[in-house]
Ligand code: FE2
């Protein structure tokens, strides 16, 4: 069964002024759609055709003969999470259990935000910044290109796309401003808290 691109969970203008309608039309409707279309073309008539997305990511990761499959499967998985990590009127208060877990992991919510933003800034070229759960502990990590926590055996709670296509129209070269707006004004902390698996 072919992979499909679900609609955004909000209107294209819902995240303005922090992420514009134009960015979402291009990023979701063109970039993400292209990953899905390319992935479908690559797995058609292969043993991966009927595998689920997580399985395709895990099987193709690290296999040089399946690098292009991984790039597109990873990016499909990453973007599906990314869209859900944001909402209209996002940012603001963090639910109690998640806030306490962030304090346990990083010392304070602000220290977590600093570390997350630094990970996004430190990713040279294209990639992602993540908040992950690893053995019950919260950690920040970054990955290049389409790579994700899934293939490293970690559970992603929050992901931020730092490819230029995610922010260039709205922030030009100011990736730090984009990361700050993401954390302070876009993240759906209820969704992130809902992904916690436990201690
Ligand atoms: Fe993207």
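Taking label positions 7 Å along the Cα-Cβ direction at both residue 122 and residue 185, the computed distance is 2.7 nm, reported to one decimal. Taking Cα atoms only, the orientation of helix 96-106 departs from the longest principal axis of the chain by about 90 degrees.
For the chain, modelled as a GNM whose springs connect Cα atoms under 10 angstrom apart, the maximal fluctuation among 112, 82, 124 occurs at 124. By the count of other C-beta atoms within 10 Å, a proxy for reagent exposure, 79, 155, 25 are ordered fewest to most as 25, 155, 79. One chain, two ends: residue 134 and residue 176. Fully extended at 0.36 nm per residue, the span grows by 12.5 nm beyond their Cα-Cα distance.
Look at where the Cα atoms of the range 108-134 and of the range 141-199 average out, and the two centres are 8 Å apart. Just the C-alpha atoms of the chain: what Rg/Rh do they give, with Rh taken as the Kirkwood radius? That ratio equals 0.96.
Extending 7 Å from the Cα toward the beta-carbon at both residue 22 and residue 68 defines two label points whose distance is 3.2 nm. Ranking of 43, 56 by neighbouring Cβ atoms within 10 Å, starting from the fewest: 43, 56.
Read the figures in this text as sums done on the coordinates, not as results from a lab. Since the structure is predicted, the reported quantities are computational estimates derived from the model, not experimental observations. Here the Cβ is made from the backbone with ideal geometry for all residues, glycine too, and neighbour counts use every protein chain on show.
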